[in-house]
Amino acid sequence: MTQQPTNSAARAGGVAAPPPTGPVRLTINGQQHTLQLAPWTTLLDALREYLHLTGTKKGCDHGQCGACTVLVDGKRINSCLTLAVMHEDEDITTIEGLGTPETLHPLQQAFVDHDAFQCGYCTPGQICSAQGLLNEGRAHTEAEIREHMSGNVCRCGAYVGILNAVKEVVDRKSSEHRS
Amino acid sequence: MSTTNHIGKPTSRVDGPAKVTGTARYAAEYAVPDLTYGWVISSPIAKGKITKIHADEVLALPGVLQVFSHENVPSLAWFDRSYKDQVAPGGSPFRPLHDNEIKFSQQPVALVVAENFELARYAASLLRIEYEQEKHETSLETKREDGFEPGRGKTGYMPPPPPRGNPDKAWEEAPHRMEAEYVHGAQHHNPMELFATTAEWRGEGKITAYDKTQGVYNVQQYLTKIFGLKKDDCRVVNEYMGGGFGSGLRPQYSVFLAVMAALELKRSVRLTLTRQQMFSFGHRPHTLQYLKLATNADGTLAALQHHALHETSRFEDYTENVVNWSGMLYQCDNVKLGYQLAKLDVYTPLDMRAPGAATGSIGLEIAMDEMAYEAGLDPLEFRLRNYAERDQNQDKPFSSKKLRECYHQGAAKFGWDKRTQAPGSMRDKDGKLIGWGIGGGVWDATQQKSAAKASITADGHLTVSSAAGENGTGTYTIMTQIAAETLGLPIEAVTFKLGDTDLPEAPLQGGSWTAASVGTAVKNTCEALGEKLLKLAQKLDDSPLKGAKLEDVEFVNGQIRLRSDASQAVVLRDVLQASGETKVEADSSAMPNMLKQQQYSLHSHNIVFAEVKVDEELGTVHVTRVVNAVAAGRILNLKTARSQVLGSVVWGISMALMEETVMDHKFGRYMNHNYAEYHVPVNADIHDIDVLFVEEEDDIVNPLGVKGIGEVGMLGVAAAITNAVFHATGKRVRDLPVMIDKLL
């Protein structure tokens, strides 16, 4: 048998040179960048390989694990399932934009306090997802948080800690609203 | 040496801030200059030969640097022994791109290297490869009669002990008997981080490999032997690992390919496998277990037989200890244990969290439940009646064993006394069936040779290092705690470095032995440093410590002081500054005390209480409550240890209800090779989990008294859940995972 190329252009019998790269303007964590990218570069690869913002993780590249979650105009998305070129003129926030080791974001602090991770690889995605959840304002009970945090897989199984960390910040936010 | 300030405390991870801010660097995240990218092409067939690779078509693309395959792979080490890593099983290790032979589906057959990631992936999508296919065998079911007993081969493998008593006769004559077969499919580790290597070309044949591994020294040894590199020219680094679970115990083909390409191209190369390719190497083997138990009228075990058969590859005999535990967890005088392998056209299986014991505890602990019901006994009472006071496999006493306390404390916490024995006899307020089940296990407490180095600077900051691994286990944190405690310093004054072949050698990060092994080395090293500091302190004018021996002083709050009179103290920082040295260093190592240890059986134990709720109409199962009571010696950090056991329970839930890699035998390939179809629990699947650490003192296992916690917590979880499903529904599932169709 012949292993058929996965690329349809090649199956048609020719080897086509890839389309040319072009400039892509991205606003990440408040900073503007212009990158020279192949048009099919995912937002995830642009962050990791071109901007060295490696806090955003690649776990599956298929939108199945949530490790690559970032915030685009405040909404959580899987950055592996979208192309960088589709996000010009939008505000992209990655884990690096939420806090630093010296000045942790409340979610980051809660994750440390509740030991809401082990290996740490899914953690930036979990935290961005939790921030997205807070922005959505729809999760309040434990059951709701569990459900709406279920797009982020944690193979170490730190779900109990993740729930407690997110719950702490959700509760604090709702009590701030009340007062 | 000093009072306990840090050990045992629930200290937050010292590497926590790095992990939550994305600044912790994993293998594929090192920014090195002039980087190129590799992409692996995997075989679509399970057996046969490559007949042609049309590399020229792809090489014509500008920016594609090379297509590596067996046709142009450089001449490398010749003998099998050069490819054997520290935990290689018996046989002939797989050599990537070695020849045109295909031995398993998804075997790496070519590596495309290009100037950037997008181009490498695109170029790989164009490559045509021709194969000659041969008939493959991938079904264990068809190999039931072809099992063979493996040789010793792999480190840590113990063949089953010889039979004792007369198990066949005892079984025939006993009033209560059971026999059954238990099955689970293959499972893949699937750590979140993809296997990756950034091979940095440092010029003149020198390489630094930032590699996803559980053992930097193991990888260094592998690379130096294969590529003929000097150790100094081959540094291997792993500061953070995004989950291992055993997948990183052996060097994987990603590091071989990345380093080969870097050496050939004289460029730095980054190679990341895809999630699909994460299913192309080691896995927990598909295993068939047969158990035959008999019980006397008084509820004591009359006979126990446990036999296991699992797959291995054609080229290596992978072994794990599946059945041995059954000869030591319960008191029984008539025991026969058997263990066989069968060869298939698959990749060699690989240790996966609690290898062997996680499997064996499914068979043994479901069989114990079946036996208890057969004998009309409560499953916990049945276990108490068969409590092993001595390890009958080795005929040795346990160095410590607080399993009975686990039974009692776990039962009290769970409320086991409210259980009614009859299946289907308990329901919740919504009418859902409730099931309560138990299961547990036993795991080795081992210590391996380790070395460490310590250095304290004039400002009083202590840096301790050892090439251990951090894959989520909490190594950075517990080593920092041990060092801080030994020299009486605050946590902030200590830095622990790991995962680098420039540091003293540590064993592979596996087997639950890091805390015992590296921890003891860290303790010894800090004590050696303490001795040096004492000597310097005694040189001070009017030193109140003059004439004091190491055992006369303690290190507390940044001071060295007399044990007999705490007011007689000197400040460490003053000692360092007065000494005129910029830093004081010590190195040391630790070995297990074999003479002391060999008289005992060294093991950790646990018992798991699980509650499931089953919807009768839909067949859905939810694990609503788990109590896991663990006796694993001293707990160094309550927070990280608890997290390890919580994670173990999640793994057990996964094993019981979700996880299985399904082989399509027509293609000889795992079909659900992605995160969407290889099911693991998500947050909504996990409910209340309670972890109990039963106090267990043990001065025999090692000077720290720790037994390790990464694996024991997983034992018996899947069995407890499966037993709970029986209790809820009356349906005895013996083929895991328990899925809806098995309950309807």
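Some observations on this one:
- Matching residues, region A:45-60, being in a helix (DSSP H, G or I) and not aliphatic (A, V, I, L, M): A:ASP45, A:ARG48, A:GLU49, A:TYR50
- Test: residue in region B:640-650 that is open to solvent by less than 10 Å² (accessible area, probe 1.4 Å) and part of a loop (DSSP other than H, G, I, E, B): no
- Residues of region B:95-117 classified as in contact (Cβ under 8 Å) with a residue 60 or more places away in the chain and of a type in the set (Asp, Glu), total: 1
- On the stretch given as region B:1-52, residues that are open to solvent by 40 Å² or more (accessible area, probe 1.4 Å), part of a loop (DSSP other than H, G, I, E, B) and within 9 Å of chain A (Cβ to nearest Cβ) total 4.
- Which listed residue is within 30 Å of B:LEU636 (Cβ to Cβ) and polar (S, T, N, Q), from B:ASN72, B:ASN5: B:ASN5
- Selection within region B:544-572 - assigned to a loop (DSSP other than H, G, I, E, B) and surrounded by fewer than 19 Cβ atoms within 10 Å (Cβ to Cβ): B:PRO544, B:LYS546, B:GLY547, B:LYS549, B:ASN557, B:GLY558, B:ARG563, B:SER564, B:ASP565, B:ALA566, B:SER567, B:GLN568
- Only one of the numbered conditions (1) open to solvent by less than 10 Å² (accessible area, probe 1.4 Å); (2) in contact (Cβ under 8 Å) with a residue 60 or more places away in the chain is not met by B:ILE700, and that is (1).
- Sole residue being surrounded by fewer than 23 Cβ atoms within 10 Å (Cβ to Cβ) and within 29 Å of the chain's Cα centre (by Cα), chosen from B:THR155, B:THR138: B:THR155
- Within region A:24-45, the set of residues being open to solvent by less than 20 Å² (accessible area, probe 1.4 Å) and facing chain B (nearest Cβ under 10 Å) comprises A:LEU37, A:ALA38, A:THR41, A:THR42, A:ASP45.
- Restricting region B:651-668 to residues that are open to solvent by 10 Å² or more (accessible area, probe 1.4 Å) and acidic (Asp, Glu), the residue that is farthest from A:GLY161 (Cα to Cα): B:ASP664
- Residue within region B:65-83 that is surrounded by 17 or more Cβ atoms within 10 Å (Cβ to Cβ), within 14 Å of chain A (Cβ to nearest Cβ) and touching a residue at least 24 places away in the same chain (Cβ under 8 Å) present: yes
- Scoring B:VAL216 on the criteria (1) β-branched (Val, Ile, Thr); (2) over 28 Å from B:SER648 (Cα atoms); (3) more than 14 Å from chain A (Cβ to nearest Cβ) leaves a single failure, condition (2).
- Of the residues making up region B:203-213, just one is among the acidic types (Asp, Glu) and open to solvent by less than 20 Å² (accessible area, probe 1.4 Å), namely B:ASP211.
- Region B:357-392, residues that are crowded, with 23+ Cβ neighbours inside 10 Å and among the small types (Gly, Ala, Ser): B:ALA357, B:ALA358, B:GLY360, B:SER361, B:GLY363, B:ALA367, B:ALA372, B:ALA375
- Among the numbered conditions (1) in contact with a strand residue (DSSP E or B) (Cβ under 9 Å, 6 or more places away or on another chain); (2) open to solvent by 10 Å² or more (accessible area, probe 1.4 Å), the only one that B:SER466 does not meet is (2).
- Which listed residue, of B:GLU115, B:GLU200, is buried (at least 20 other Cβ atoms within 10 Å of the Cβ), in the same structural domain as B:ASP233 (by TED's automatic domain parsing), farther than 25 Å from B:GLY668 by Cα and at pLDDT 95 or above: B:GLU200
- Every condition in (1) assigned to a helix (DSSP H, G or I); (2) more than 14 Å from every other protein chain (Cβ to nearest Cβ) is met by B:TYR122 except one, and the failing one is (2).
Okay, residues lined up against (1) farther than 18 Å from B:THR21 by Cα; (2) modelled with pLDDT under 95:
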| residue | (1), (2) |
| --- | --- |
| A:GLY14 | yes, yes |
| A:PRO19 | yes, yes |
| A:GLY22 | yes, no |
| A:HIS33 | yes, no |
| A:LEU37 | yes, no |
| A:LEU47 | no, no |
| A:GLN64 | yes, no |
| A:VAL70 | no, no |
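- If the condition is being touching a Lys or Arg at 6+ places or on another chain (Cβ under 8 Å) and either of a type in the set (Phe, Trp, Tyr) or closer than 22 Å to A:GLN32 by Cβ (or both), then region A:69-101 contributes A:VAL70, A:GLU88, A:ASP89.
- In the set (1) out of contact with any Ser or Thr (no Cβ under 6 Å at 6 or more places or on another chain); (2) crowded, with 21+ Cβ neighbours inside 10 Å; (3) not polar (S, T, N, Q), the condition left unmet by B:ILE102 is number (1).
- Reported count of residues in region B:579-598, each being touching a residue at least 12 places away in the same chain (Cβ under 8 Å) and assigned to a helix (DSSP H, G or I), is 3.
- Every listed requirement among (1) within 30 Å of B:LYS206 (Cβ to Cβ); (2) of a type in the set (Val, Ile, Thr); (3) open to solvent by 10 Å² or more (accessible area, probe 1.4 Å) is met by B:ILE478 save one, (1).
- All conditions but one from (1) open to solvent by 50 Å² or more (accessible area, probe 1.4 Å); (2) within 14 Å of chain A (Cβ to nearest Cβ) apply to B:MET192; the one that does not is (1).
- Among the residues of region B:149-177, the one identified as under 28 Å from B:MET352 (Cβ atoms) and aliphatic (A, V, I, L, M) is B:MET158.
- Some residue of region B:603-613 being in contact (Cβ under 8 Å) with a residue 24 or more places away in the chain, in contact with a Ser or Thr (Cβ under 6 Å, 6 or more places away or on another chain) and closer than 30 Å to B:CYS406 by Cα: yes
- Filtered residue count, region B:669-697, keeping only those that are hydrophobic (A, V, I, L, M, F, W, C), more than 10 Å from chain A (Cβ to nearest Cβ) and open to solvent by less than 20 Å² (accessible area, probe 1.4 Å): 1
The values are calculated or read from the model by the stated rules, or taken from the named source; none is laboratory data. In this text the structure is predicted, and so the values were computed from the model without any measurement. FYI the Cβ positions are ideal-geometry reconstructions off the backbone, even for glycines, and counts take in every protein chain you see. Remember, those area values only see protein heavy atoms, side chains included, never the ligands or the DNA or RNA. Shrake-Rupley method; radii C 1.70, N 1.55, O 1.52, S 1.80 Å.
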